[in-house]
Amino acid sequence: MDPDRFDIFFFSLDEPYADEHWRLLSERFPRARRIHGIPIIAQAWSQAAELSGAEFFFSVDADNIIEQDFTFSWGQSFPPEENSVYVWRCRNEVNDLVYGNGAVKLWPKARVLEHKKSMALDFTAEVAGSHYVVIEKIASSCHFHKSPFHAWRSGFRETYKLLSQAFTGEGDQQALSRAITWMNKGLEKTNGVFCLLGATMAAQFFFDDQEQKARSLLHDFHFLKEKFEHVQDDPHTWLDKLRRTLPEPARDQAFLK
């Protein structure tokens, strides 16, 4: 096993900036390969696992631009463990959060294939379980805000996921803090209003559905597109309106700074 030669897979779906990001990645790393047009995450990642020639493979989301000092070398003093998912840090270009959302990841091929039919809200968490390992190095930046719809969709899906983590079991205060940031920071950035609007709509959607019966709709891209099209023409007005009418649990958590 040569950790510095693991396959690199670039995953794209409908992102208008994907071709440019793919060009940037493939020019620097000719061994990279592209998986395109598969909307179900588990299916896309399973295809990469089947194509991978080693026990592990790297993933790069379409909205990522790789940092100049990151080279997809393992760089650790220990070999990767067969059940672990390794997650580098990613910098969000709208709200400046730095964590695992959209980050470069190293996946164990066998574990991914075990979850090829998964519809989990958080595929990484399901595959990793207790073997989620953070690598404290920023490997990439996330530029999902290059289109209004993708800014909105990212805000909606990630905030719902974070709120689910925050209000499940013992609760995750770090996830709650990140959700609050998604809902409040970055309005002045390109398409920032769409990101904040998506995050705020996710909070409303989450607290109106406390049993989380509708969480599978986060995988329904037709449903997401319809929700976006309902608000796309006047995002500032919709954001102001939704902030005034959020369910009581959201207001109690001081979501609106």
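The values are calculated or read from the model by the stated rules, or taken from the named source; none is laboratory data. Predicted, not measured: the structure shown is a model, and the values here were computed from it. We place every Cβ from the backbone using ideal geometry, glycine too, and count neighbours over all the protein chains shown.
List pairs: first in the range 118-133 and free of Cβ contacts under 8 Å to residues at least 12 places away in the same chain, second part of a loop (DSSP other than H, G, I, E, B) and not aromatic (Phe, Trp, Tyr), Cβ under 7 Å, 6+ apart or cross-chain?
Filtered contacts from the range 118-133: Glu126/His115; Glu126/Ser118; Glu126/Ala120.
Looking only at the range 1-43, filter to residues that are more than 19 Å from Ile66 (Cβ to Cβ) and buried (at least 18 other Cβ atoms within 10 Å of the Cβ); which one of those is nearest to the chain's Cα centre (by Cα)?
Taking the candidates together, the pick is Ile41.
Need pairs with beta-carbon distance below 7 Å; first residue modelled with pLDDT under 60 and of a type in the set (D, E, K, R) and within the range 236-257, second assigned to a helix (DSSP H, G or I) and surrounded by 14 or more Cβ atoms within 10 Å (Cβ to Cβ); sequence gap 6+ or separate chains.
Partner pairs satisfying both residue conditions: Lys257/Asn184.
Answer with yes or no whether Ser59 is hydroxyl-bearing (Ser, Thr, Tyr), closer than 17 Å to Thr124 by Cα, modelled with pLDDT of 95 or more and part of a strand (DSSP E or B).
Against the criterion (hydroxyl-bearing (Ser, Thr, Tyr), closer than 17 Å to Thr124 by Cα, modelled with pLDDT of 95 or more and part of a strand (DSSP E or B)), Ser59 qualifies.
So, Glu20, is that one modelled with pLDDT of 95 or more and out of contact with any strand residue (DSSP E or B) (no Cβ under 8 Å at 6 or more places or on another chain) or not?
In short, yes.
Considering each residue of the range 76-112, count those that are more than 20 Å from the chain's Cα centre (by Cα), at pLDDT 95 or above and acidic (Asp, Glu), and give that number.
0
Restricting the search to the range 57-73, which residues are buried (at least 20 other Cβ atoms within 10 Å of the Cβ) and among the hydrophobic types (A, V, I, L, M, F, W, C)?
Within the range 57-73, Phe57, Phe58, Val60, Ala62, Ile66, Phe72 qualify.
All but one of (1) aromatic (Phe, Trp, Tyr); (2) surrounded by 17 or more Cβ atoms within 10 Å (Cβ to Cβ); (3) farther than 22 Å from Glu226 by Cα hold for Tyr99; state the number of the condition that does not hold.
(2)
So Gln76 ticks every box in (1) surrounded by 20 or more Cβ atoms within 10 Å (Cβ to Cβ); (2) within 23 Å of Glu136 (Cα to Cα) but one. Which box is left unticked?
All conditions are met except number (1).
For the range 79-96, name all the residues that are farther than 28 Å from Ser147 by Cα and surrounded by 18 or more Cβ atoms within 10 Å (Cβ to Cβ).
Once the filter is applied, which keeps residues that are farther than 28 Å from Ser147 by Cα and surrounded by 18 or more Cβ atoms within 10 Å (Cβ to Cβ), the range 79-96 yields Pro80, Ser84, Val85, Tyr86.
Can you say whether His230 is in a helix (DSSP H, G or I), more than 14 Å from Tyr160 (Cα to Cα), out of contact with any helix residue (DSSP H, G or I) (no Cβ under 6 Å at 6 or more places or on another chain) and modelled with pLDDT of 95 or more, as far as the supplied structure shows?
When the stated conditions are applied, His230 passes them.
Can you name the residue in the range 2-17 that is among the charged types (D, E, K, R) and either closer than 23 Å to Phe149 by Cα or assigned to a helix (DSSP H, G or I) (or both) and is also modelled with the lowest pLDDT among such residues?
Asp4
Just the residues that are on the phi < 0 side of the Ramachandran plot and in contact (Cβ under 8 Å) with a residue 60 or more places away in the chain, please, taken from the range 47-72.
Ala48, Ala49, Glu50, Val60, Asp61, Asp63, Asn64, Ile65, Ile66, Glu67, Phe70
Conditions first: (1) at pLDDT below 95; (2) in contact with a His (Cβ under 8 Å, 6 or more places away or on another chain). Ser73 passes all but one, so which condition is the exception?
(2)
Being over 15 Å from the mean Cα position of the chain (by Cα), of a type in the set (Ser, Thr, Tyr) and closer than 28 Å to Phe56 by Cβ, is that true of even one residue in the range 145-156?
no
Matching residues to (1) closer than 19 Å to Ser154 by Cα; (2) touching a Ser or Thr at 6+ places or on another chain (Cβ under 9 Å); (3) among the small types (Gly, Ala, Ser):
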position: Phe10; (1), (2), (3): yes, yes, no
position: Pro16; (1), (2), (3): yes, yes, no
position: Asp19; (1), (2), (3): yes, yes, no
position: Ile35; (1), (2), (3): no, yes, no
position: Ile41; (1), (2), (3): yes, yes, no
position: Ala48; (1), (2), (3): no, yes, yes
